[in-house]
Amino acid sequence: QVQLVESGGGLVHPGGSLRLSCVLSGSNLSSFRMGWYRQAPGNQRELVAQVTPLGTLNIADSVKGRFTASRDNAANTAYLNMNSLKPADTAVYYCNAELGTNTYWGQGTQVTVSS
């Protein structure tokens, strides 16, 4: 049973930084395409970033230049580094793992950007 557990969310001032982590258990992360999504109140869940098993990175235009995603296969962990945070980045952030037709989600971690 694949499980994803996110951590690292919290309250940060505008312009600040956070690093989210996502630990995958029950399988080997190296085979999965790892993604980060977010959902703000009243909005649909949207893709923030994806990292393929070969390390190819896809970043949403709304966060390009500020966010980056990475993976440590040996640690079975994916990361989302967020810099220059804005109030508009406030949302619940979800880790996602895809392998073939199987998709797994973490429970989400709240990120709040406020002064």
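Here is how the numbers come out for the structure above:
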| quantity | calculated |
| --- | --- |
| Evaluation of ALA74 against (1) over 22 Å from VAL5 (Cβ atoms); (2) in a helix (DSSP H, G or I) (one fails), failing number | (1) |
| Test for ARG38: is it open to solvent by less than 30 Å² (accessible area, probe 1.4 Å) and touching a residue at least 60 places away in the same chain (Cβ under 8 Å) | yes |
| Residues of segment 91-108 classified as among the β-branched types (Val, Ile, Thr) and open to solvent by less than 40 Å² (accessible area, probe 1.4 Å), total | 1 |
| Any hit, segment 59-68, residues being modelled with pLDDT under 95, of a type in the set (A, V, I, L, M, F, W, C) and in a loop (DSSP other than H, G, I, E, B) | no |
| Test: residue in segment 9-21 that is open to solvent by 30 Å² or more (accessible area, probe 1.4 Å), without any contact (Cβ under 8 Å) to a residue 60 or more places away in the chain and either in a strand (DSSP E or B) or in contact with a helix residue (DSSP H, G or I) (Cβ under 8 Å, 6 or more places away or on another chain) (or both) | no |
| Pairs where the first residue, in segment 92-112, is farther than 16 Å from MET82 by Cα and the second is outside any strand (DSSP E or B), C-beta under 6 Å, 6+ apart | ALA97/PHE32; LEU99/SER31; LEU99/PHE32; TYR104/VAL2 |
| Among residues of segment 22-54, those that are at pLDDT 95 or above, assigned to a loop (DSSP other than H, G, I, E, B), out of contact with any Ser or Thr (no Cβ under 8 Å at 6 or more places or on another chain) and of a type in the set (A, V, I, L, M, F, W, C), counted | 1 |
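To keep it simple, each residue is scored yes or no on (1) open to solvent by 20 Å² or more (accessible area, probe 1.4 Å); (2) over 12 Å from the mean Cα position of the chain (by Cα).
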position	(1), (2)
GLN44	yes, yes
LEU47	yes, no
GLN50	yes, no
LYS64	yes, yes
ARG71	yes, no
LEU85	no, yes
THR112	yes, yes
SER115	yes, yes
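The values are calculated or read from the model by the stated rules, or taken from the named source; none is laboratory data. For clarity, every value in this text was computed on a predicted model and none was experimentally measured. Every residue, glycine as well, gets a Cβ built from its backbone with ideal geometry; the counts of neighbours run over all protein chains shown. The protein model used for the area step is the full one, side chains on, heavy atoms only, and it has no ligands, DNA or RNA in it. Shrake-Rupley method; radii C 1.70, N 1.55, O 1.52, S 1.80 Å.
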